[in-house]
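Here is the structure we will look at, set down as structure tokens.
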Amino acid sequence: MIDNIKDNLHIYVVILAVLLVVSNLAYHFINSNTLFLDDFGAYHKSAKVTKELETFAKDIVSKCDIDDDVCRVQSLLDYVTNIPYKINKFPAHQPLDTIKRNYGDCDDKSNLMISFLKSLNYKSYLVIVPKHAYVIVNIPNDYDGVLDYKKAFYIGDKKFYELETTAKNSKIGFAHNDFPKNIKAIYDPFLNKKVDLDKVVYH
């Protein structure tokens, strides 16, 4: 009987050790893919660029001239905003999954949008506010001055325009008017790095 107790105890120790390893791995996975935001919830990172996504993005902007950045970014935004909005109760979809499932919430759609932009070499960031996330993007060429009177974030020597992915057919420069009081983070998911908000100007 004592031998049985020893054998069972050994099994319990092994199970406990396995559970500790698994929980530790899960903790590090969650922390590496989640930007925690105090009492306001969390943005779940799933931004990712693949060859398939790049091909998809290029097809979306194919009607635009190669140097017409306003047309190219607006075409991507039109595509993403026309994906039906639906709250995803699980960690954010991978960008291609949002396309395939044809629905997503602000995390899913913002991750898809910023992945599209990255695949076409547009510098962009995610802006995290209470219970919401949206994208800002630098648009190098605005030859027709379409964006001249739009508010923007100034980061370094670049101007970044707001993109609201959950409002169907929204336009570049959708003004959220969150800065500075509601901004929790401006974040580059590809560099896993936050912008110093003290060095950001908005007007």
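The values are calculated or read from the model by the stated rules, or taken from the named source; none is laboratory data. Keep in mind that this is a model prediction, so the values were computed, not measured. So basically every Cβ, Gly included, is an ideal-geometry build from the backbone, and we count neighbours across all protein chains shown.
Observations on the structure shown:
- Qualifying positions in the stretch 101-124 - more than 10 Å from the chain's Cα centre (by Cα) and closer than 17 Å to Lys168 by Cα: Asn102, Tyr103, Gly104, Asp105
- Scanning the stretch 185-203 for residues that are surrounded by fewer than 12 Cβ atoms within 10 Å (Cβ to Cβ) and under 22 Å from Leu112 (Cβ atoms) yields a count of 3.
- Considering Tyr149, Tyr154, the condition of being surrounded by fewer than 21 Cβ atoms within 10 Å (Cβ to Cβ) and either modelled with pLDDT of 95 or more or in contact with a strand residue (DSSP E or B) (Cβ under 6 Å, 6 or more places away or on another chain) (or both) is satisfied by Tyr154 alone.
- Taken over the stretch 52-70, residues that are closer than 15 Å to Leu163 by Cβ and assigned to a helix (DSSP H, G or I) amount to 4.
- Filtering the stretch 169-184 to residues that are more than 17 Å from Asp78 (Cα to Cα), surrounded by fewer than 17 Cβ atoms within 10 Å (Cβ to Cβ) and in contact (Cβ under 8 Å) with a residue 40 or more places away in the chain leaves His176, Asn182.
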